[in-house]
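The values are calculated or read from the model by the stated rules, or taken from the named source; none is laboratory data. Please read these numbers as outputs of a predicted model, since none were measured by experiment. Every residue, glycine among them, receives a Cβ derived from its backbone with ideal geometry; neighbour counts consider all protein chains shown. Heavy atoms of the whole protein, side chains included, go into the accessibility calculation; ligands, DNA and RNA do not. Shrake-Rupley method; radii C 1.70, N 1.55, O 1.52, S 1.80 Å.
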Amino acid sequence: MYRFLLSRQWVILTLVSLVLIPVIVELGFWQLHRHQHRVAQNKLIADNLSARPVPVTELTSPGNTVPRADYWRRVTATGTYDTAHEVVVRRRTNADDRVGFHVLTPLVLADGRAVLVNRGWVPAAADQAAFPEVPPAPKGEVNVTGRLMADQTTGSSGIKDLSGLPPRQIMLINSGQQAKSLGRPVLGGYLEQTAPEPAGGSPELIPDPDHDSIGPHMAYAVQWWLFGAGVPVGWGILVRREKRDRAAAAGEPEAAEPVTTAA
């Protein structure tokens, strides 16, 4: 009755179905893990943004790689800005998705070390190769509060070509690279300024990262698992239809369902 299942066509279809099921289930778990990662990251951001600010020197030092647990941690720094080594970071957008620059100014601490401060966003000039109009950094000693961020690298950003840039323009914020031009030790990572508010509202401070939305990954996981459950169901429907069609072609009546009667 089911000898057709041994045909080449049905053996291939069955094998494909058996392969599809674990693949689809694994895709569902992949989306589940992405959902769990997003939830954990949202919690990390929320916890670090609400934590009491600590001096930046307590969390990082020259050559240090900022650990993930300290990403977005609120920190403070006191020093004087070194505007002679101020640079801008290309191809950065603001809250309105306008493309411009981030202003990166070294802050020299009392012990001679420096920390890079991302003072915020400014619009690009008409000539992309020209240095944009940047409001001057405050003079004298300043107290800055911000979010601690990890150094940007070609691996983490996907940006590979760092050559041929105009003077005082960079693509990535990296403390090691900036230490070479400053000629002084630079704390690992950088500070994304949140206070004080700049006079006149420029540069535009970078808003807090989104830590409320969780994305569609959980819904995608459920969809994949439903697809996986549908594979054996679909296989069974095809088998039943093939059996019925073969019986009809042979002129055999389809077997009736057994009828039970009460005793």
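Please determine whether any residue of the stretch 10-17 is closer than 25 Å to Ala219 by Cα and assigned to a helix (DSSP H, G or I). Working first, answer last.
Of the residues in the stretch 10-17, the ones closer than 25 Å to Ala219 by Cα are 17.
The next check asks that each one be assigned to a helix (DSSP H, G or I); those that pass are 17.
Taking every residue of the stretch 10-17 in turn, at least one turns out to be closer than 25 Å to Ala219 by Cα and assigned to a helix (DSSP H, G or I).
Which pairs turn up if I take residues in the stretch 233-249 that are farther than 13 Å from Arg3 by Cα and look for partners that are outside any helix (DSSP H, G or I) with beta carbon separation below 9 Å, at least 6 apart in sequence or on another chain?
Here the result reads Arg244/Glu254; Ala248/Glu254, each pair linking the stretch 233-249 to a residue that is outside any helix (DSSP H, G or I).
Can you work out which of the residues in the stretch 177-194 that are open to solvent by 40 Å² or more (accessible area, probe 1.4 Å) and not charged (D, E, K, R) is nearest to Asn143 (Cα to Cα)? Explain how you work it out, then say what you get.
Step one: of the stretch 177-194, the residues open to solvent by 40 Å² or more (accessible area, probe 1.4 Å) are 177, 180-181, 183-185, 194.
Keeping just the survivors that are not charged (D, E, K, R) gives 177, 181, 183, 185, 194.
On the way: Gln177: 25, Ser181: 24, Gly183: 23, Pro185: 20, Thr194: 11 Å.
For the stretch 177-194, the residue satisfying everything is Thr194.
Of all the residues that make up the stretch 195-232, how many are free of Cβ contacts under 8 Å to residues at least 12 places away in the same chain, in a loop (DSSP other than H, G, I, E, B) and open to solvent by 70 Å² or more (accessible area, probe 1.4 Å)?
Selection size over the stretch 195-232: 2.
Being open to solvent by 30 Å² or more (accessible area, probe 1.4 Å), acidic (Asp, Glu), in a loop (DSSP other than H, G, I, E, B) and more than 23 Å from Trp72 (Cβ to Cβ) is the requirement here; does Asp127 meet it? Please lay out each step first, then the result.
Values: open to solvent by 30 Å² or more (accessible area, probe 1.4 Å): yes; acidic (Asp, Glu): yes; in a loop (DSSP other than H, G, I, E, B): yes; more than 23 Å from Trp72 (Cβ to Cβ): yes.
It is true that Asp127 is open to solvent by 30 Å² or more (accessible area, probe 1.4 Å), acidic (Asp, Glu), in a loop (DSSP other than H, G, I, E, B) and more than 23 Å from Trp72 (Cβ to Cβ).
Take the residues of the stretch 130-168 that are of a type in the set (S, T, N, Q) and at pLDDT 95 or above: which is nearest to Val89 (Cα to Cα)? Walk me through how you get there before you give the answer.
First pass over the stretch 130-168, keeping only residues of a type in the set (S, T, N, Q): 143, 145, 152-154, 156-157, 163.
Imposing the further condition that a residue be at pLDDT 95 or above reduces the set to 143, 145.
Values: Asn143: 23, Thr145: 20 Å.
Ranking the qualifying residues of the stretch 130-168, first place goes to Thr145.
Those residues that are in contact with a Pro (Cβ under 9 Å, 6 or more places away or on another chain) and at pLDDT below 95, I need them from the stretch 185-205; list them, please.
Listed by number, the residues that qualify are Pro198, Ala199, Gly200, Ser202.
Return the residues of the stretch 162-181 that are in a strand (DSSP E or B) and closer than 17 Å to Glu192 by Cα; say none if nothing qualifies. Lay out the reasoning, then the answer.
Filtering the stretch 162-181 down to residues in a strand (DSSP E or B) leaves 169-170.
Ile170, the sole residue that qualifies.
If you check Val115, Val103, Val88, Val122, which single one turns out to be modelled with pLDDT of 95 or more, under 13 Å from Ala77 (Cα atoms), part of a strand (DSSP E or B) and not charged (D, E, K, R)?
On the way: Val103 fails: under 13 Å from Ala77 (Cα atoms); Val88 fails: under 13 Å from Ala77 (Cα atoms); Val122 fails: under 13 Å from Ala77 (Cα atoms).
Selected residue: Val115, the only one of Val115, Val103, Val88, Val122 that is modelled with pLDDT of 95 or more, under 13 Å from Ala77 (Cα atoms), part of a strand (DSSP E or B) and not charged (D, E, K, R).
Where residues in the stretch 60-105 are under 30 Å from Asp127 (Cα atoms) and among the aromatic types (Phe, Trp, Tyr), which of them is surrounded by the most Cβ atoms within 10 Å (Cβ to Cβ)?
Within the stretch 60-105, the subset under 30 Å from Asp127 (Cα atoms) is 81-105.
Of the ones still in play, those that are also among the aromatic types (Phe, Trp, Tyr) are 81, 101.
Numbers: Tyr81: 22, Phe101: 24.
Checked the stretch 60-105; the qualifying residue surrounded by the most Cβ atoms within 10 Å (Cβ to Cβ) is Phe101.
For the stretch 130-159, which residues satisfy the criterion of being among the basic types (Lys, Arg) and open to solvent by 20 Å² or more (accessible area, probe 1.4 Å)?
Applying the first criterion (among the basic types (Lys, Arg)) to the stretch 130-159 yields 139, 147.
Hit for the stretch 130-159 is Lys139, nothing else.
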